[in-house]
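A.B. asks: Sharing a structure below in structure tokens format, with a few things to ask.
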Amino acid sequence: MTIKNIKPNRFFLLLILCIELGCINSSNSKQENKKVQPNIIYIMSDDHAQRAISAYGPDLNKTPNIDRIAKEGAIFKNSFVSNSICAPSRAVMLTGKFSHLNGQTDNLRSFDGSQQTYPKILQANGYQTALIGKWHLKSDPTGFDFWSVHIGQGDYYNPDFKEMGKTKRYKGYSPDIVKENGINWLENRDKEKPFAMLLHFKAPHRNWMPALSKLEMYEDKEFDLPSNFFDNYENRGRASKEQEMSIYEDMELEWDLKMNGAGTAFEKEKFERKLSRFTTEERQQWDAFYNKINEDFKSKNPQGKDLAIWKYQRYLRDYLKVVSSVDDNIGDVLNYLDEHGLAENTIVVYTSDQGFYMGEHGWFDKRFMYEESLRTPLLIRYPAKIKPKTVVNGMVQNIDYAPTFLDYAGIDTPSGIQGESIRPLLEGKKDEIRDAIFYQYFEYPGPHAVKRHFGIRTSRYKLIHFYYDVDEWEFYDLEKDPNEMKNQYANPNYKAIIKELKIKLKDLRTKYKDSDDNNFKIQTQDLKSSKG
């Protein structure tokens, strides 16, 4: 049938229909081509050990809200940091660069806020950005439309915040306040723009002061000792033997374990400054709980191994109570996203600035390249792109966070960023993005006396070089010795593997622009700083 044979009325009807169909197709095409940028909520706690998250292992505690991120998204089984200490780890996360390049090699320096960070890049590409919670980088935050951060390390009770340059005291418990300020910012943001909010809990950082509502939690639980709790560091070098992070020898009775009058005058003064932030009612409730424990401790007067075990139990109870508060507040954030229709297009990340020792090797704290402090939890939910219950086994590091966020936002990663986007791992397009990771630690001499070192870890092997006041190597076969109890560096059976690892370590240092000259410069700067 030709057009001239179509009756006029039918012709116009077909013409209108064609126009309408064309409009619909055009509209759909425009919708498909429109870039939908996801929102980002990056949640980071401080010193949260992987095994203190039940998604990683249910034996120690329960974290149902953090676990929910894994159930509805992805859990990373091999997530690592590049420098296991607070300020350097945060700087790596922001810049996507190793410590020797971003300048934040230890907790003493002030972060150079003029340098490129991923929040600045997001902000320049239409994102609203906010930072709420722990900062710990001394200089004021840059690249954020709004920021409200703990002053220094921050306080658990009735803390002071520096908020857009002005000091403000909040009444309440730190994890609750951080969550409430985060949700308040979400409520008042510009709803027409995508957002990136960094929500940083100071918890569960030392000295582990639980919420009053959690004081009785875990008090009836006896935690199993790690198999190497009474490690004597045989077959290890000076670094393990000379550290000052022993639960038995270095964990303070008053400051860490709340035993009034049991510590030195310095401990007492330090702890009283924290207790002075309580209201009268809060202090009464706190004292009523810990005084009972204090009297029981004095009456039993544990010594030797009994004292070490007592300290371990007290430490874990308080630490895990604080973790429980973090988990509660994460649940509130997830519920807010659900209730406001934001969950589908929002990337939610939960991680920690590093791992932490929970009695392994008899230790607390972090810093070493050994597994417990090298590993950090990483769980990511993004319903629009990530399938529920995704398990990622490929090795990732915190240098990878910045390029991942930029990738999902549709922004090209600048050449200076050293990490890789982990998006292919999250979406099942790759099994791995690297076959080895590089690690470095600089803060020595310093707290806990962990010697300077750098090293390489593959899926099976780990090679560490301790330097500065020593020149020692350690090598571990993680398949045969997952607890890193015996240094096999001198074992001739591993000679060829160690040789290969040294070559690969040299290649990684070249790739990441690290060298012995860099380390010498940093060492020289430290010496000048200490003399100044």
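A.B. asks: Give the accessible surface of the chain per residue, rounded to a whole number of Å², with probe radius 1.4 Å and ligands, DNA and RNA excluded.
C.D. replies: Numbers: 23050 Å² over 532 residues.
For the chain, the solvent-accessible area averages 43 Å² per residue.
A.B. asks: Let me spell out the model: positive unit charges on the Cβ of Lys and Arg, negative unit charges on the Cβ of Asp and Glu, origin at the Cα centre of the range 275-410. What dipole size does that give, in debye rounded to 20?
C.D. replies: On the way: 17 positive and 20 negative charges, 100 e Å.
Dipole of the range 275-410, to the nearest 20 debye: 480 debye.
A.B. asks: Taking amide hydrogens as modeled 1.01 Å from N in the peptide plane, which residues meet the under 5 Å criterion relative to residue 133, leaving out close sequence neighbours?
C.D. replies: Those qualifying (amide H under 5 Å, at least 5 residues apart or on another chain) are 148, 149, 150, 200.
A.B. asks: For a quick protection proxy, order the peptides 119-132, 78-91 by their average other-Cβ count within 10 Å, most packed first.
C.D. replies: Working: 119-132: 20.4, 78-91: 24.8.
With the highest mean Cβ count within 10 Å placed first, the list reads 78-91, 119-132.
A.B. asks: Restricting attention to the alpha-carbon atoms of the range 408-503, what are Rg (one decimal) and Dmax (integer), both in Å?
C.D. replies: 17.0, 50
A.B. asks: Which value in deg cm²/dmol, rounded to the nearest 500, describes the helix-derived mean residue ellipticity at 222 nm for the chain, given -39,500 (n - 2.57) per DSSP H run of n ≥ 4 and division by the residue count? Don't skip to the answer; put the middle values down first.
C.D. replies: Details: 16 runs with 197 residues, N = 532.
Value at 222 nm, helices only: -11500 deg cm²/dmol.
A.B. asks: Now for a separate question. Any idea which of 218, 167, 251 is furthest toward the positive side of the dipole for the chain, if Lys and Arg beta-carbons carry +1 and Asp and Glu beta-carbons -1?
C.D. replies: In the chain, that residue is 167.
A.B. asks: Of 117, 227, 358, which is farthest on the positive side of the dipole of the chain, counting Cα position, with +1 on Lys and Arg Cβ, -1 on Asp and Glu Cβ, and the Cα centre as origin?
C.D. replies: Final value for the positive-end residue is 117.
A.B. asks: Something else now. How large is the dipole of the chain about the Cα centre if only Lys and Arg carry +1 and Asp and Glu carry -1, each at its Cβ, rounded to the nearest 20 debye?
C.D. replies: Numbers: 77 positive and 77 negative charges, 359 e Å.
Taking the Cα centre of the chain as origin, the dipole is about 1720 debye.
A.B. asks: On the accessible surface of the chain, probed at 1.4 Å, how many percent belong to carbon and sulfur atoms?
C.D. replies: Numbers: 11520 of 23050 Å².
Ligands and nucleic acids excluded, carbon and sulfur give 50 percent.
A.B. asks: Could you pull out every one of the lysines with an alpha carbon less than 19 Å from that of residue 120, ignoring same-chain neighbours closer than 8 positions?
C.D. replies: Straight-distance partners of residue 120: 97, 134, 138, 193.
A.B. asks: Projected onto the charge dipole of the chain (+1 at Lys/Arg Cβ, -1 at Asp/Glu Cβ, origin at the Cα centre), which of 468, 285, 406 gives the Cα projection farthest towards the positive end?
C.D. replies: 406
A.B. asks: In addition: Helix 265-275: angle to the longest alpha-carbon principal axis of the chain, degrees 0 to 90, nearest 10?
C.D. replies: With rounding to tens, the tilt is 30 degrees.
A.B. asks: So how do 465-474, 242-251, 68-77 stack up, highest first, on mean other-Cβ count within 10 Å? Display every interim value, and only then the final one.
C.D. replies: Values: 465-474: 16.1, 242-251: 17.8, 68-77: 20.8.
Going by the mean number of other Cβ atoms within 10 Å, highest first, we get 68-77, 242-251, 465-474.
A.B. asks: Report, ordered by chain and residue number, the aspartates and glutamates lying within cross-link reach of residue 511, taken as a straight Cα distance under 20 Å and ignoring same-chain residues fewer than 8 apart.
C.D. replies: 400, 420, 432, 435, 500
A.B. asks: Further question on the same structure: Sort out for me the Cα centre separation of the range 463-516 from the range 135-161, rounded to whole Å.
C.D. replies: Comparing the Cα centres of the range 463-516 and the range 135-161, I get a distance of 38 Å.
A.B. asks: Same structure, new question: Here are several values of P(r) over Cα pairs in 10 Å bins from 0, in percent: (i) 4, 17, 26, 24, 17, 9, 3, 0; (ii) 3, 14, 21, 22, 20, 14, 5, 1, 0; (iii) 3, 17, 27, 25, 15, 5, 2, 2, 1, 1, 0. Which one was derived from the coordinates shown?
C.D. replies: (iii)
A.B. asks: Here's something else I'd like to know. How do 423-436, 49-62 rank on mean C-beta neighbours within 10 Å, highest first?
C.D. replies: Numbers: 423-436: 15.4, 49-62: 18.6.
The densest-packed peptide leads the list: 49-62, 423-436.
A.B. asks: Then there's this: Of the trypsin sites (Lys or Arg not before Pro) in the range 158-258, which ones lie in a loop per DSSP and count no more than 13 other C-beta atoms within 10 Å? Don't jump to the answer; show the numbers that get you there.
C.D. replies: Values: sites: 162, 166, 168, 169, 171, 179, 189, 191, 202, 206, 214, 221, 236, 238, 241, 258; in loops: 171, 189, 191, 202, 206, 221, 236, 258.
In loop regions of the range 158-258 (DSSP not H, G, I, E or B), the sparsely surrounded trypsin sites (Lys or Arg not before Pro) are 171, 191, 221.
A.B. asks: Among all the lysines, which ones have a C-alpha under 16 Å from residue 258's C-alpha, if same-chain residues fewer than 8 places away are not counted?
C.D. replies: 214, 268, 270, 274, 292, 298, 311, 321
A.B. asks: Here is a further query. Mind pulling the angle between the C-alpha long axis of helix 495-511 and the longest principal axis of the chain? Nearest 10 degrees, somewhere in 0 to 90.
C.D. replies: 60
A.B. asks: Under 8 Å for C-alpha pairs, at least 6 residues apart: give me the relative contact order for the range 113-239, rounded to a whole percent. Write down the numbers at each step before the final one.
C.D. replies: On the way: 165 pairs, mean separation 29.3, N = 127.
Rounded, it is 23 percent for the range 113-239.
A.B. asks: Using only Cα atoms and rounding to the nearest 10 degrees, what angle (0 to 90) does helix 304-339 make with the longest principal axis of the chain?
C.D. replies: 20
A.B. asks: Further question: How high is the relative contact order of the chain? Use alpha-carbon pairs under 8 Å, at least six apart in sequence, and give a whole percent.
C.D. replies: Numbers: 963 pairs, mean separation 120.7, N = 532.
Normalised by residue count, the contact order of the chain is 23 percent.
A.B. asks: Compute and list, largest first, the equivalent-ellipsoid semi-axes of the range 368-446 from the alpha carbon gyration tensor, each √(5λ) rounded to a whole angstrom.
C.D. replies: Working: eigenvalues 125, 55, 25 Å².
After scaling each eigenvalue by five and taking roots: 25, 17, 11 Å.
The values are calculated or read from the model by the stated rules, or taken from the named source; none is laboratory data. In this text the structure is predicted, and so the values were computed from the model without any measurement. Ideal geometry is used to build each Cβ from the backbone, glycine not excepted, and the neighbour counts take in all protein chains shown. Remember, those area values only see protein heavy atoms, side chains included, never the ligands or the DNA or RNA. Shrake-Rupley method; radii C 1.70, N 1.55, O 1.52, S 1.80 Å.
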